[in-house]
Amino acid sequence: MPQRHQISITLSPAQVDQVVRAASRTRSPSLSMLLSGSRPTSGAHARNISAEEERRLSRSLLRGLEILTRFQRGSEERGIVELASELELSPSTTHRYVNTLVELGLLERCPDSRKYRLAEV
């Protein structure tokens, strides 16, 4: 059986936005705007997004990426209620996303505080 090597990549919120735009092959609005449903009115990303374009993007993936952008290496641990408030999601929805990211090894739960942080590699 071949040996598997783990690779860790840390992206800033701006880099995540860039990846999402590149994946959609459009100059779509930022990740935060996609999740909030708001539309930019000026600037480089100002344009109307058709319903067809919106259907091509995975809202779940966008939310998971948005959660990951809230964490930085060596930064303070984050709680579910805090994340939910920032993302304007319910705590139960946020908890499901965070649990998925924990299962994937991208986040980890801190045993003492019961909050979450980026997983150590």
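The values are calculated or read from the model by the stated rules, or taken from the named source; none is laboratory data. None of the values given here were measured: they were computed from a predicted structure. Here Cβ is always computed from backbone atoms with ideal geometry, including for glycine, and neighbour counts include all displayed protein chains. Side chains included, ligands, DNA and RNA excluded: accessible areas come from the protein's heavy atoms. Shrake-Rupley method; radii C 1.70, N 1.55, O 1.52, S 1.80 Å.
Results, tabulated for the structure shown:
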quantity: Some residue of segment 38-53 being surrounded by 13 or more Cβ atoms within 10 Å (Cβ to Cβ), over 16 Å from the mean Cα position of the chain (by Cα) and modelled with pLDDT of 60 or more; calculated: yes
quantity: Where SER75 falls short, out of the listed (1) at pLDDT below 90; (2) part of a loop (DSSP other than H, G, I, E, B); (3) farther than 21 Å from GLN15 by Cβ; calculated: (3)
quantity: Residues (closer than 20 Å to THR10 by Cα, part of a loop (DSSP other than H, G, I, E, B) and not charged (D, E, K, R)) located in segment 80-121; calculated: LEU104, GLY105, LEU106, CYS110, ALA119, VAL121
quantity: Hey, ARG70 of a type in the set (D, E, K, R), within 26 Å of ARG4 (Cβ to Cβ) and surrounded by 11 or more Cβ atoms within 10 Å (Cβ to Cβ) or not; calculated: no
quantity: Subset of segment 98-121 that is touching a Leu at 6+ places or on another chain (Cβ under 8 Å) and not hydrophobic (A, V, I, L, M, F, W, C) - its residue that is least open to solvent (accessible area, probe 1.4 Å); calculated: TYR116
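For every residue, the table says whether it meets (1) touching a Cys at 6+ places or on another chain (Cβ under 7 Å); (2) more than 14 Å from GLY64 (Cβ to Cβ); (3) among the basic types (Lys, Arg); (4) touching a residue at least 12 places away in the same chain (Cβ under 8 Å).
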| position | (1), (2), (3), (4) |
| --- | --- |
| GLY74 | no, yes, no, no |
| SER85 | no, yes, no, no |
| SER90 | no, yes, no, no |
| TYR97 | no, no, no, yes |
| CYS110 | no, yes, no, yes |
